[in-house]
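Trainee: Handing you this structure, nothing more for now.
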Amino acid sequence: MDGLAPKRGVVIAIDGPAGAGKSTLARALADELGMPYINTGLMYRALARQSLAAGVPPEDGGGLARLAQTIEFEVGPGETGRLLIDGREPDSAFFAHEVEAFVSTVASHPEVRAIMRAEQRALGVAGCVMEGRDIGSVVFPDADIKIFLSADPGERERRRISERGGGNEAGAAVARRDRLDAKTNPFVPAPDAMVLDSTTLDAQEVRARAIAFVRQRLGGRSGRGSGR
């Protein structure tokens, strides 16, 4: 496709708002299919964390774009490699409250998103399960399979509190992320995406429905052997 690095392997794109269960589903699919898993949200969290350390204000799009170019992103070895940031797997520091508070603002700058999207495309062209908010519509519009995972705001707040603690503060953070993220680009599923509402489903039910959809769409093809 014009302007995009050619895709060589099977790509599964999973999009949706914060707290919908994207990471849980993406990891499960990657493990089931023996594919690399790339959480693009961690890339923006890495930049937010670096900006705090370097003193770059979250409103400084140009400064953030320059800072983003100093961060090394790669996929670890093996068929089920995971995202490495500056040679290491992300740890709990990437989910600190101060990072959570800035990540949506950091990710809102067009110049930052352009750099990150190019990185994400380069990371995933050999085949992967990639999660984010615009993977199926922008990063990999040519993805083999697209899943848009949603859930009611109240349920997403409850899940985020359960996962990370923080009580009402964690719940309010989801609402704040929704408002800020919607300004960057509205949540609109790609036309050919499977829309899966997880509000009343547990993780196993979501996984089962997604696996069935993936198997149907892949037919005899496999997510394995992506050429890494």
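The values are calculated or read from the model by the stated rules, or taken from the named source; none is laboratory data. Given the structure is predicted, the values throughout are model-derived calculations rather than measurements. All Cβ positions, even for glycine, are placed from backbone atoms using ideal geometry, and neighbour counts span all protein chains on display.
Trainee: Given the conditions (1) crowded, with 21+ Cβ neighbours inside 10 Å; (2) over 15 Å from residue 22 (Cβ atoms), which single one is not true for residue 136?
Mentor: (2)
Trainee: Mind checking whether some residue in the stretch 93-105 is more than 15 Å from the chain's Cα centre (by Cα), within 17 Å of residue 38 (Cα to Cα) and not in a strand (DSSP E or B)? First the steps, then the outcome.
Mentor: Step one: list which residues in the stretch 93-105 are more than 15 Å from the chain's Cα centre (by Cα), which gives 93, 96-99, 101-102, 105.
Remaining after also requiring within 17 Å of residue 38 (Cα to Cα): none.
The answer is no, given that none of the residues of the stretch 93-105 is more than 15 Å from the chain's Cα centre (by Cα), within 17 Å of residue 38 (Cα to Cα) and not in a strand (DSSP E or B).
Trainee: Counting only residues that are in contact (Cβ under 8 Å) with a residue 60 or more places away in the chain and of a type in the set (Asp, Glu), which one in the stretch 1-51 is surrounded by the most Cβ atoms within 10 Å (Cβ to Cβ)?
Mentor: The extreme case among them is 15.
Trainee: Could you list, in sequence order, all residues of the stretch 9-47 that are among the charged types (D, E, K, R) and within 19 Å of residue 196 (Cβ to Cβ)? Before you say what the answer is, go through the steps one by one.
Mentor: First, pick out the residues of the stretch 9-47 that are among the charged types (D, E, K, R): 15, 22, 27, 31-32, 45.
Within the stretch 9-47, 15, 22, 27, 31, 32 meet the criteria.
Trainee: So, one more: Please determine, by comparing only the residues of the stretch 115-125 that are touching a helix residue (DSSP H, G or I) at 6+ places or on another chain (Cβ under 8 Å) and of a type outside the set (Val, Ile, Thr), which one is surrounded by the most Cβ atoms within 10 Å (Cβ to Cβ).
Mentor: 124
Trainee: Going by the structure shown, is residue 80 within 24 Å of residue 8 (Cα to Cα), in contact (Cβ under 8 Å) with a residue 12 or more places away in the chain, in a loop (DSSP other than H, G, I, E, B) and out of contact with any Lys or Arg (no Cβ under 9 Å at 6 or more places or on another chain)?
Mentor: Here the answer is yes, as residue 80 does meet what is asked.
Trainee: Something else now. Being in contact with a helix residue (DSSP H, G or I) (Cβ under 8 Å, 6 or more places away or on another chain) and more than 19 Å from residue 131 (Cβ to Cβ) narrows it down to one residue among 75, 56; which is it?
Mentor: Answer to the selection: 56.
Trainee: For residues in the stretch 90-113 being in contact (Cβ under 8 Å) with a residue 40 or more places away in the chain and of a type in the set (Asp, Glu), which is surrounded by the most Cβ atoms within 10 Å (Cβ to Cβ)?
Mentor: 100
Trainee: Which members of the stretch 2-20 meet the condition of being part of a loop (DSSP other than H, G, I, E, B) and either at pLDDT 90 or above or at negative phi (or both)?
Mentor: Answer for the stretch 2-20, where residues must be part of a loop (DSSP other than H, G, I, E, B) and either at pLDDT 90 or above or at negative phi (or both): 2, 4, 5, 6, 7, 8, 9, 10, 16, 17, 18, 20.
Trainee: Something else: Take residue 74 and tell me if it is closer than 21 Å to residue 127 by Cα, outside any helix (DSSP H, G or I), of a type in the set (D, E, K, R) and free of Cβ contacts under 8 Å to residues at least 60 places away in the same chain.
Mentor: Judged against the criteria, residue 74 is a match.
Trainee: Another question about this same structure. Looking at this structure, is residue 131 under 15 Å from the mean Cα position of the chain (by Cα), within 17 Å of residue 27 (Cα to Cα), among the acidic types (Asp, Glu) and surrounded by 19 or more Cβ atoms within 10 Å (Cβ to Cβ)?
Mentor: Here the answer is yes, as residue 131 does meet what is asked.
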